[in-house]
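Below is one structure, written out as structure tokens; comments come after it.
The values are calculated or read from the model by the stated rules, or taken from the named source; none is laboratory data. Keep in mind the model is a prediction, meaning the values are calculated, not measured. Please note: Cβ atoms are built from the backbone with ideal geometry, for glycine as well, and neighbour counts cover all protein chains shown.
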Amino acid sequence: MSSGARTPQRAARPVTRDRLIDAAGAIFAERGYRGATMREIAERSGANLAAAHYHFGSKQDLYRDVVRAHFERLERRLAESGAIDAAAMTRLSREQLVELLRARVRAMLESFLDETSVHATLMQRELADPSETLPLIVRRWIDPLRQDLVLLLQRLSPKLAEERLQLCARSLMGQVIFYATHRPALLLMMRRRAYPPGFVDQITEHVVAFTLGGLSGVEAATPRARSRKQRPQEAKS
């Protein structure tokens, strides 16, 4: 009897924790880290303030867990789209590498444009008003994502130097994130309330084509840029 009475309490704890995570994600996205309060988060989740502190200790700990939950969802989506592995990619054809790029771009767009998720808004708040958690976010999630992209682009364009590949990776991410950060203005210009069906597929194909074209363009421009720098020296000699 007594053991049966304790079971519902143990089972309820993860549920309360999940409700707090969901409520906190929404409020952090609405107000940013500094504008949110533990009391408001607890009230929205249907829990009491003591329960919020019991599960997370502090607002910063809760914020880190919210960020972790959303980035882990993105990591799972990216893993499902195909692993970025240096040794394995040496055995892939160019067509397979392009398909890996396509799958990765689609996974990121699906994640950032998911209307049921606050991930993109949460990160906009964090970047506009950085909290003490930003170094952790960059080190644990953003930088590894960048490294994976650079590795994939390097396989697609092996002639490019590391510095150029870094710039290309940033440009690719800029294309993807644009459709999340500028969604309200874009929808007004498109005269729509939401992105239309098939929008993610359409933008995926555009980003992939634009990225491949950009890699070729940067690759073609690099020798010309070097030759222009060498001309004054050659004239002096």
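For the stretch 39-92, list the helices (runs of 4 or more DSSP H) that sit wholly inside it and hold at least 2 residues that are assigned by TED's automatic domain parsing to the domain that holds ILE137 and closer than 19 Å to SER131 by Cβ; which are they?
Once the helices (runs of 4 or more DSSP H) in the stretch 39-92 are filtered for at least 2 residues that are assigned by TED's automatic domain parsing to the domain that holds ILE137 and closer than 19 Å to SER131 by Cβ, what remains is 59-81.
Please go through the stretch 209-234 and give me each residue that is of a type in the set (D, E, K, R) and modelled with pLDDT under 90, ordered by number.
Residues satisfying the conditions are ARG224, ARG226, ARG228, LYS229, ARG231, GLU234.
Residue by residue, here is whether (1) free of Cβ contacts under 8 Å to residues at least 40 places away in the same chain; (2) surrounded by fewer than 18 Cβ atoms within 10 Å (Cβ to Cβ); (3) in a helix (DSSP H, G or I) holds:
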site	(1), (2), (3)
SER111	yes, no, yes
GLU126	no, no, yes
ARG139	yes, yes, yes
ASP143	yes, yes, yes
ARG146	yes, yes, yes
GLU163	yes, yes, yes
MET189	yes, yes, yes
ARG193	yes, yes, no
GLU205	no, yes, yes
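Does LEU113 satisfy being within 13 Å of the chain's Cα centre (by Cα), at pLDDT 95 or above and assigned by TED's automatic domain parsing to the domain that holds GLY214?
Considered against the rule, which asks whether it is within 13 Å of the chain's Cα centre (by Cα), at pLDDT 95 or above and assigned by TED's automatic domain parsing to the domain that holds GLY214, LEU113 comes out as yes.
If you take the residues of the stretch 92-109 that are aliphatic (A, V, I, L, M) and more than 13 Å from ARG77 (Cβ to Cβ), which of them is surrounded by the most Cβ atoms within 10 Å (Cβ to Cβ)?
Among residues in the stretch 92-109 that are aliphatic (A, V, I, L, M) and more than 13 Å from ARG77 (Cβ to Cβ), the one surrounded by the most Cβ atoms within 10 Å (Cβ to Cβ) is LEU101.
Mind checking which residues of the stretch 35-67 are under 19 Å from THR121 (Cα atoms) and free of Cβ contacts under 8 Å to residues at least 12 places away in the same chain?
Residue satisfying the conditions is GLY35 alone.
If I filter the stretch 37-58 for residues that are under 22 Å from ILE142 (Cα atoms) and more than 16 Å from the chain's Cα centre (by Cα), do I get at least one hit?
Checking the stretch 37-58: not a single residue is under 22 Å from ILE142 (Cα atoms) and more than 16 Å from the chain's Cα centre (by Cα).
A quick yes/no check of all residues on (1) at pLDDT 95 or above; (2) surrounded by fewer than 19 Cβ atoms within 10 Å (Cβ to Cβ):
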residue: ALA23; (1), (2): yes, no
residue: ILE27; (1), (2): yes, no
residue: ARG31; (1), (2): no, yes
residue: ALA47; (1), (2): no, no
residue: ALA51; (1), (2): no, yes
residue: TYR63; (1), (2): yes, no
